[in-house]
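Take a look at the structure below.
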Amino acid sequence: MDKPFAITLDVGTSRANKTGSWRTERAVYTNRMPPCNDACPAGENVQAWLYEAEEGGAGYERAWRKIMADNPFPAIMGRVCYHPCETACNRAQLDEAVGINSVERFVGDEAIRQGWTVSVEVPPTGKRVLVIGAGPSGLSAAYHLALRGHTVTIKEAGPMAGGMMRFGIPRYRLSRDVLDAEVQRILDLGVTLELDTKVGDLEAVRQDYDAVFLAVGAQLGRRAYIPAGEAAHVLDAVSMLRDLESGEKPLLGRRVAVYGGGNTAMDAARTAKRLGASEAIVVYRRTKDRMPAHESELREAEDEGVLFKWLSTIKQVDGGRLTVERMELDDTGFPRATGEVEELDADSLVLALGQDTDLSLLDGVPGLVVEDGVVAVGSDMMTGCPGVFAGGDMVPHERSVTVAVGHGKRAARHIDAWLSGAAPEPVARPALATFDTLNTWYYSDAPRAHRPVLDRARRESTFDEVVLGHDESTALMEARRCMSCGNCFGCDNCYGVCPDNAVIKLDDPGGKYLIDLDYCKGCGLCVAECPSGAIQMFPERI
Amino acid sequence: MLRQVEGSQAVARAVTLCRPQVIAAYPISPQTHIVESLSDRVRTGELTSCEYLMVESEFGAMSACIGASGAGARTYTATSSQGLLFMAEALFNASGLGLPIVMTVANRAIGAPINIWNDHSDAMSMRDSGWIQLFAESNQEAVDLHVQAYRLAESLSVPVMVCMDGFVLTHAFEEVDLPSQEQVDAFVPPLVPQQLLDPADPVTIGAMVGPEAFAEVKYLMHVKQMAALDEIPVIAEDFLRAFGRASGGLLKPYRVEDAETVVVALGSVLGTVEEVVDAMRDDGLSVGALGITCFRPWPVAEVREALGRAKRVVVVEKAFAVGAGGIVGQNVRDATRNLPVDVYDVVAGLGGRPITRASLRRLLDDVVAARVDASRLHFLDLDVELVQRELERARHGARPGPHAENMLRDIGTVASGAYE
Amino acid sequence: MAFQQIKLYQTGTFVAGNRLLDPEQRSVQARTGRSNSLTSGHRACRGCGEALGARYVLDAAMRATDGNLVAVNSTGCLEVFSTPYPESSWQLPWLHSLFGNGPAVAAGVAAALRAQGREDIRVVGQAGDGGTVDIGFGTLSGMFERNDDVLFVCYDNEGYMNTGVQRSGATPPAATTANTKALGGTPGNVFGQGKSVPLIAMAHEIPYVATATVAELRDLEYKVEKAMTFRGARYLHVFVPCPLGWGAASADTVKLARLAKETGLFPVFEAEAGTVTEVSKIRRQVPVEDYLRPQKRFAHLFGDQPRPDVVARLQARADRNIARFGLLPEGDE
Ligand SMILES: Cc1cc2nc3c(=O)[nH]c(=O)nc-3n(C[C@H](O)[C@H](O)[C@H](O)COP(=O)(O)OP(=O)(O)OC[C@H]3O[C@@H](n4cnc5c(N)ncnc54)[C@H](O)[C@@H]3O)c2cc1C
Ligand SMILES: Cc1ncc(C[n+]2csc(CCOP(=O)(O)OP(=O)(O)O)c2C)c(N)n1
Ligand code: SF4
Ligand code: SF4
Ligand code: SF4
Ligand SMILES: [Mg+2]
């Protein structure tokens, strides 16, 4: 076309006009720390594995491998973890937290169903590491050390691996098939497990190894002094649960009182019911909302008919009868005796007042410091004795399977560094992806899917798992509720919303985007409309 | 084929023969018969492959033509008077974009006061709109000019306005030789647009142009109009060859070669002027006439050439620039610059007032007898008494200043003169 | 929402794309192959809603017509920022004529295409609110009444932005503009004027009328696509915030469009042959104040002499829309 001068122009010629020069701020893609990841004691990259799981199909295995990079127990986690990730989840401020734990369980179970395995990808280092205790902490450390090519031996006092996962947590919360499968996967990496091998003196065995990880947990049930008559039947919760798991059915009677307000108390009471007690009553000295037991465990116990007696202490135990004193809370929330007493019928009293660690094996270990009955460690999990590391219930920290796993992982990282003489790679911790960095408009309203539970009748009489798993579609839906806080999930919004077409979408399935600085005017729309807060504005140096 | 036919029908037929693809028009007297007739012709299928848009206004009509022309269609519209003014903005746009639109203007006065009768105020008001303006003397010429207009518009990519006197021509029944379809098809080749909205070859039409290139764009528009001055005679010659009839061209000289006094006029009044010329020649007076067929572009050299030997040029025009004077007269003065000639501006035939032979004869006699002041603007057949009465009445109010006093003196002159 | 909900709980129908969706279900804007009908290098202000809206609309129309599209544009920001000689940002055939004649020019293009037997090529006319509801209103109404085969799109930024932010017939009451300042006790633009061209369009009983905002891309694209399934006159009124004219942060463009809908101030609906067929329900209702506060054009309502009375009148306008169009989800009314 012989176009008229100036009036008629060639199309698309404005690309010669680089409007990027107008910019005073530039848009930059970033990654923020999702609160779930931040809260995970095992350091799981929750958002990242949910991202994979959201895809369904082949995504589940990728999700599982992402979990396995941090935590060898996805299926166990999906059952027993107290999921602080969900407490931290930003979605809780929108509707309800993402059911991260239920997705983890689905993915973990899927791995067992499909027989997915991991393998050691590095050559052996020739270094020998001793792990004492095959609880979650010891197993986690062994797993991560094995993956790094070290030769690991676990010495375990008990007859089976698992620690409190097996001898504490009852079967109705954690199926032993699942436990066995996930433990076996670790052993399959070539980890040597020596059962029924209680270490009595660390110093005696330490020299055979290049490093040691202590993970003996807290096995001793705490006893409180309660005047007891001759016929009184008093036992502690951990022993009772351990006996049960070892095949000895404890004799509890028809009416069982449990003293304490933690998770162990809940498990003891619920177990008592299953063992045939017609009445299980939990006696606790504070109020319900001050109970340390996890809310879900309390709810499940209540569902199963466990009774509660709040603001009460036990003064005296006699055959078939307890004397209980009523308490009241003072201004600071501390319980104070009132002097009012009453009687309570009980055939037995189970004490669930916490556990202590048996530290006798540590006698004479040079430099090792014990404080308040637990072993002091640095942030690298090393005790005062070089080359001796510790984690899990035996170090001062919140006690949970997940914390124990996290300690095992962190210890493995530092043991590895210590063995090679190099400083461990620093872990980058970007700024938190807080709720206000998100644009939640873009997330569809999607109420959370709650996991199905076993019938009441079967819960009262059997040790079958109470909480069931999601089917695939529900798990997938739940995964897709994740808002991908702080990390791009390929929604194309930035690509769509830029008035200057300054966002380039690379044509690869990974969905990458670039800002075209030739044309970005720095309006900030992509930042404002990124649902997940994965773009930030930075001032331009002018 | 010779037919006794109303001017509007003849033009409608001529337009039909040119095969416009989009017609968008809005009715206004005296243009109505043309567009009504075209509507009939589209409905009956006499004109095929043509979309007729019943638009909501003349602004819409011209705008639709702009769109249609931009999309590569041959387009047509017609209007008059107020309608032309209502289009004004779009007229400039069409010419600025170089769109080959053809429009008939059935010339009519502009209100207020509202008046439906013929004069040239409408066309003259748009003389600087960038459109080519051709004035038909007769219905035959109106027919012929439309055929030529399409060829001209499309060869140069400019819009062309064919002006014909409202009622005087549009509603007059005269014998007209209407060409055949084959003849017209042979004379007006299919449109090859200079620019086109085409998804296969997209362009941006109608860009914004700033100081850095605006003058150049306008200069090029001017060059294109100048080129039309060469193209128009060529087309007229071709037309003569093809149709055996002289029509169009830039100017129509009539007995000017040796004339001392030449009357310059546009449109249908030329017939009357020629009759007066003949009569005066019979009386031994050296009088001629120069018809302006192409007013825009202004054929300055050709006019100068035609008037080069005259002593007196009397411009009789059906419009004027209020507060300034003659419009065609100014252009004629420009064309005769530095020639020893007096140019008389005479406003005549406003709002449909007939221009009679007698009035013209009186005017020319006065001019020849040097009874008319060439430096003043004259109004043919003005009702001087009436005007004076009104001015008297108005005088009770504010005092007029010296310029208005001059006008009053003019009135005195006129009143004492020969032609009320 | 008038279009098929995609059951994707993470981001549903609200984001542009999402890697989890079937490519066919993604928006046109999410595609790497989108036509970018309005390409980079244009001179719109930072964060211009009109630039965004125009690309959204035209890319969707390009896709719906397989690229057989012609655009006609009235004078206004969109035209000025896209075509200053010697550079054009358009990537489709495009014609600009005047401020007030876009609809008629588009009608002419459509007529020409029909006459040439090229009805496969479709026509979009586009203008700002001034070019649509005011100066172009006559030609628009004519185009509607004739049922010309044109989709006319109004990019409503509620004022004459190109000439320096004066009031238009679409400027809301109480907004200050260059010629409706809050002086002499006036509240800014006065109450009781202005007009709803979508409703007027419906009164023409043309095949399709819809409103949309730049905040709901999928809804917008759906409406463009739907409009393209009809022949005859269609009208799409798109709400496009103007950071410059409204005194708003450039990053707030989409947010303000969202709030305009969520307050009820800008009802989003569809109508066929003069009857409303769908309305987009309010999802997270907010008081008008949330929408007004971030905009300097309403700052006088919250200044030294706050005007809660005026804010209440604006809220009443929103409430009236909510009642009139049934904007709240079922059960909330
Ligand atoms: C009843 C109950 C329920 C619980 N429920 C939950 C729950 O639902 N979720 C949760 O996150 N946490 C729960 N916990 C807490 C959790 O089980 C522990 O925090 C966690 O198991 C601690 O792991 P660990 O590896 O440090 O110690 P353990 O799990 O206690 O493992 C220590 C291991 O070391 C072995 N060992 C000890 N001494 C020696 C030695 N001298 N030589 C060799 N081996 C030795 C022990 O036999 C044992 O196998 C529960 C605890 C109890 C008691
Ligand atoms: C006939 C005419 N009158 C006035 C103008 C000046 N003018 C150009 S654009 C414009 C306002 C445009 O407003 P709108 O249509 O809302 O588009 P915006 O710039 O806001 O996108 C005005 C008044 C003009 N170009 N033509
Ligand atoms: S807007 Fe979407 S695609 Fe863009 S960075 Fe954010 S999450 Fe990723
Ligand atoms: S939306 Fe576009 S122009 Fe605006 S900051 Fe982002 S990339 Fe830059
Ligand atoms: S003034 Fe408003 S409409 Fe115009 S370019 Fe700027 S932001 Fe866009
Ligand atoms: Mg506007």
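Assorted remarks:
- Here the contact order of region C:115-254, divided by its residue count and restricted to Cα pairs under 8 Å and six or more residues apart, works out to 25 percent.
- The equivalent ellipsoid that matches the C-alpha gyration tensor of region B:251-379 spans semi-axes of 18, 17, 15 angstrom, in descending order.
- Between residue A:332 and residue A:177, the modelled labels are 5.2 nm apart [label points 7 Å from Cα along Cα→Cβ].
- Positive contributions from Lys and Arg (+1) and negative ones from Asp and Glu (-1), summed over other residues with Cβ under 15 Å from the Cβ of residue A:236, come out at -3.
- Computed over chain B: relative contact order in percent, which uses C-alpha pairs under 8 Å that are six or more apart: 14
- Note on the protein assembly as shown: semi-axes of the ellipsoid equivalent to its C-alpha gyration tensor, largest first and rounded to whole Å, are 96, 30, 25.
- Helix axis angle, B:269-282 relative to chain B longest principal axis, alpha carbon, degrees: 50
- Nitroxide proxy distance, nm - points 7 Å out along Cα→Cβ at residue C:32 and residue B:392: 9.2
- Against chain B, whose longest principal axis comes from its Cα atoms, helix B:357-368 is set at around 60 degrees.
- Relative pair counts by distance (%), Cα atoms of chain B, 20 Å bins: 26, 55, 18, 1
- Calculated over region B:2-243: convex hull of Cα atoms, volume per residue (Å³): 123
- Here the scattering of region A:304-445 is modelled by Debye summation over its C-alpha atoms, one equal scatterer each and no solvent; at q = 0.17, 0.20, 0.21 Å⁻¹ the log10 of I(q)/I(0) is -0.99, -1.16, -1.23.
- Net length available on complete extension from residue A:188 to residue A:55 is 45.0 nm, with 0.36 nm assigned per residue and the Cα-Cα distance removed.
- For region B:2-243, the share of DSSP beta bridges that are antiparallel, to the nearest 5, is 20%.
- Descending semi-axes in whole angstrom, ellipsoid equivalent of region A:406-542, from the Cα gyration tensor: 39, 28, 13
- Residue order, fewest to most surrounding Cβ atoms within 10 angstrom, among B:180, C:74: B:180, C:74
- Order of B:380, A:353 under a 10 Å beta carbon neighbour criterion, fewest first: A:353, B:380
- Förster-model FRET efficiency, 60 Å R0, residue A:114 and residue B:36, C-beta, rounded to 0.05: 0.15
- For region C:34-325, the fraction of alpha-carbon pairs in successive 10 Å shells from zero, as %: 7, 30, 37, 20, 5, 1, 0
- Whole-Å distance, taken between Cα centres, linking region A:294-372 and region C:109-177: 77
- Each of B:168, A:467, A:98 has some number of other Cβ atoms within 10 Å of its Cβ, and from fewest to most they run A:467, B:168, A:98.
- DSSP bridge orientation in region A:224-352 - percent antiparallel, rounded to nearest 5: 45
- Subtracting the Cα-Cα distance of residue A:125 and residue A:540 from their residue separation scaled by 0.36 nm leaves 144.6 nm.
- Take the Cα of residue A:508, go 7 Å toward its beta carbon, and the backbone nitrogen atoms of region A:468-502 under 15 Å from that spot belong to A:490.
- Number of partner chain Cβ atoms within 10 Å, mean per residue of B:44-54: 3
- Counting only other chain Cβ atoms within 10 Å of each residue's Cβ, the peptide C:41-53 averages 6.
- Using the Cβ-Cβ distance between residue C:145 and residue C:289 with R0 = 41 Å, the FRET efficiency computed as 1/(1 + (r/R0)^6) comes to roughly 0.55.
- Rounded D (µm²/s) - region A:1-132, Kirkwood Rh over Cα pairs, Stokes-Einstein at 4 °C, 1.567 mPa s: 69
- DSSP bridge orientation in the protein assembly as shown - percent antiparallel, rounded to nearest 5: 35
- Where a label projected 7 Å from the Cα of residue A:287 along Cα→Cβ would reach, residues of region A:325-361 with amide N under 15 Å: A:327-336
- Cα-based radius of gyration of region B:169-276 once divided by 2.2 N^0.38 Å, which approximates compact folds: 1.57
- A Förster radius of 41 Å combined with the Cβ-Cβ distance from residue A:246 to residue A:423 puts the calculated FRET efficiency at roughly 0.40.
- Helix B:32-44 and the long axis of chain B differ in direction by around 20°, with both axes built from C-alpha atoms.
- For region A:467-525 and region B:86-148, distance of Cα centres in Å: 60
- Multiplying the residue separation of residue B:304 and residue B:356 by 0.36 nm and removing their Cα-Cα distance gives an extension gain of 16.0 nm.
- Dipole check for region A:224-352: with +1 at the C-beta of Lys and Arg, -1 at the C-beta of Asp and Glu, and the Cα centre as origin, the magnitude is about 60 Debye.
- Fraction in percent of alpha-carbon pairs per bin - 20 Å, chain A: 19, 45, 27, 7, 2, 0
- Each other residue within a Cβ distance under 14 Å of residue C:80 adds +1 if Lys or Arg and -1 if Asp or Glu, for a net charge of -2.
- 10 Å Cβ neighbours from other chains, averaged over peptide A:405-416: 0
Every number here is computed from the coordinates shown, using simple stated rules; none is lab data. Keep in mind the model is a prediction, meaning the values are calculated, not measured. Cβ atoms come from the backbone with ideal geometry, glycine included; neighbour counts cover every protein chain shown.
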